[in-house]
Amino acid sequence: TRRIAVTEPGRYDVQAGLTGCSGQSREVQVDTVPVGPRPRLSSSLGARFCSGDTTQLAIAHSSQNFSGLRWLDGSQDDTLAVTAAGNYFLTVAGAQGCRVPSDTVSLNVDPVPAPQISSPDTAFCAGDSLRLNLNDPSLARVRWNTSQTTASIFVDQANAYFAEVTDTLGCSGF
């Protein structure tokens with residue numbers, strides 16, 4: 001082997017031989033350079049956020065002043081705007097030109113609820129009423145355009161009806 005990957009500090013040398021001749025290299029001392037503390041990341045919306053939202057990643061409050069930020073996409077801003085699920089990290093400049101990786105933040109994006117209104121009928125006679133239902137058990141809050149806040153409502157006028165809903169994860173949709 002012409003190369004080795006050195007992962008531990010220590011003294012290294014190489015011995016080589018060719019047709020009965022051999023030789024040994026000078027010994028090389030490999031040292032580990034302390035690079036300083038590892039930055040911690042924080043997300044402005046936490047580890048879970050709703051589809052369509054944007055969270056800002058930044059170094060969490062620290063007494064350490066980090067420089068030379070580089071996000072995994074190559075940008076060098078203090079914050080990174082994120083709209084997609086995934087694992088995110090950055091590196092900072094450390095001692096002796098070494099790059100220090102931050103911790104990795106795993107982000108999840110929850111879908112926005114799309115409520116489905118159901119009814120046994122879509123037409124009714126004058127003087128009658130019609131029941132409209134939202135049949136989604138994950139709804140935490142409901143607000144119809146009639147200001148009602150229940151999963152089912154009765155309507156007695158022809159109109160366009162819709163509901164804004166919020167699921168148990170806090171995501172809202174129409």
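The values are calculated or read from the model by the stated rules, or taken from the named source; none is laboratory data. All values derive from a computational prediction rather than experimental measurement. Here the Cβ is made from the backbone with ideal geometry for all residues, glycine too, and neighbour counts use every protein chain on show. These area figures cover heavy atoms from the full protein model, side chains too; ligands, DNA and RNA do not enter into them. Shrake-Rupley method; radii C 1.70, N 1.55, O 1.52, S 1.80 Å.
What to note about this one:
- The residue of the range 129-144 that is nearest to the chain's Cα centre (by Cα), among those that are charged (D, E, K, R) and open to solvent by 80 Å² or more (accessible area, probe 1.4 Å), is R141.
- Selected residue (only one of A5, A58, A47 is under 19 Å from the mean Cα position of the chain (by Cα), at negative phi and surrounded by fewer than 14 Cβ atoms within 10 Å (Cβ to Cβ)): A47
- L107 being farther than 30 Å from T55 by Cβ, out of contact with any helix residue (DSSP H, G or I) (no Cβ under 7 Å at 6 or more places or on another chain) and either part of a strand (DSSP E or B) or touching a residue at least 60 places away in the same chain (Cβ under 8 Å) (or both): no
- For the range 8-21, a residue qualifies if it is open to solvent by 90 Å² or more (accessible area, probe 1.4 Å) and under 14 Å from T32 (Cα atoms), and the qualifying residues are E8, R11.
- Some residue of the range 145-158 being in a loop (DSSP other than H, G, I, E, B), surrounded by 14 or more Cβ atoms within 10 Å (Cβ to Cβ), of a type outside the set (K, R) and at pLDDT below 95: yes
- Test: residue in the range 87-109 that is among the acidic types (D, E), on the phi < 0 side of the Ramachandran plot and open to solvent by 90 Å² or more (accessible area, probe 1.4 Å): no
- Verdict on P101 being closer than 30 Å to Q64 by Cα and in contact (Cβ under 8 Å) with a residue 24 or more places away in the chain: yes
- For the range 65-74, the set of residues classified as in contact with a strand residue (DSSP E or B) (Cβ under 9 Å, 6 or more places away or on another chain) and either at positive phi or surrounded by 13 or more Cβ atoms within 10 Å (Cβ to Cβ) (or both) consists of F66, G68, L69, R70, W71, L72, listed by residue number.
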